[in-house]
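Please read the structure below before turning to the comments.
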Amino acid sequence: MDPLAHTLVGATLAETRLKTRTAMAAPMLIFGANAPDIDAVTMLLDRDLSLGFRRGWTHGVLAMLVLPIVMTGLILLVDRLIAKARGHQPTARAGPLLGLAYIAVLSHPLLDWLNTYGVRF
């Protein structure tokens, strides 16, 4: 799938009742839907490396378990930094964000599975 498709799925999820679960829900759903494509940075390093690495472990079962935890930590950090800059208390809650992260990240390989070339689970 094109990154735009993943972004639109995340944005569509963010326009449902999921966005009411906690603060920072919309960014979590949008960025989480794109998180497995972090392996695209290998294209900047070497074309051959990219061919072997692309849609590999970041789309695999272990990454589907780890990426949401990493994404939750990053979004909570951003929420704290924004709150500190504004002189407020952080408003995002870790539990709901983690659940949203799993929804968003798991949407990625499901969409990629619809491609003609699939996913290497």
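The values are calculated or read from the model by the stated rules, or taken from the named source; none is laboratory data. Owing to the predicted nature of the structure, the values given are computational and were not obtained by experimental measurement. Ideal geometry is used to build each Cβ from the backbone, glycine not excepted, and the neighbour counts take in all protein chains shown.
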Lone qualifier among R80, R55, R86 - being at positive phi and either at pLDDT below 95 or out of contact with any Asp or Glu (no Cβ under 9 Å at 6 or more places or on another chain) (or both): R55
Odd one out for T22, checked against (1) within 17 Å of the chain's Cα centre (by Cα); (2) among the hydroxyl-bearing types (S, T, Y); (3) not in a loop (DSSP other than H, G, I, E, B): (3)
Unique match (being part of a helix (DSSP H, G or I), exposed (fewer than 15 other Cβ atoms within 10 Å of the Cβ) and at pLDDT below 95) among L114, L44: L44
Candidate set from region 82-98 (those that are of a type outside the set (D, E, K, R) and part of a helix (DSSP H, G or I)); member that is surrounded by the most Cβ atoms within 10 Å (Cβ to Cβ): L97
Test: residue in region 48-55 that is under 18 Å from H108 (Cβ atoms), of a type in the set (D, E) and exposed (fewer than 15 other Cβ atoms within 10 Å of the Cβ): no
Pairs, first more than 10 Å from M24 (Cβ to Cβ) in region 76-89, second loosely packed, with under 11 Cβ neighbours inside 10 Å and not basic (K, R), C-beta under 7 Å, six or more apart: A83/Q89
Residue within region 71-81 that is part of a helix (DSSP H, G or I) and of a type in the set (S, T, Y) present: yes
Which listed residue is in contact with a Pro (Cβ under 8 Å, 6 or more places away or on another chain), surrounded by 19 or more Cβ atoms within 10 Å (Cβ to Cβ) and modelled with pLDDT of 95 or more, from A101, A63: A101
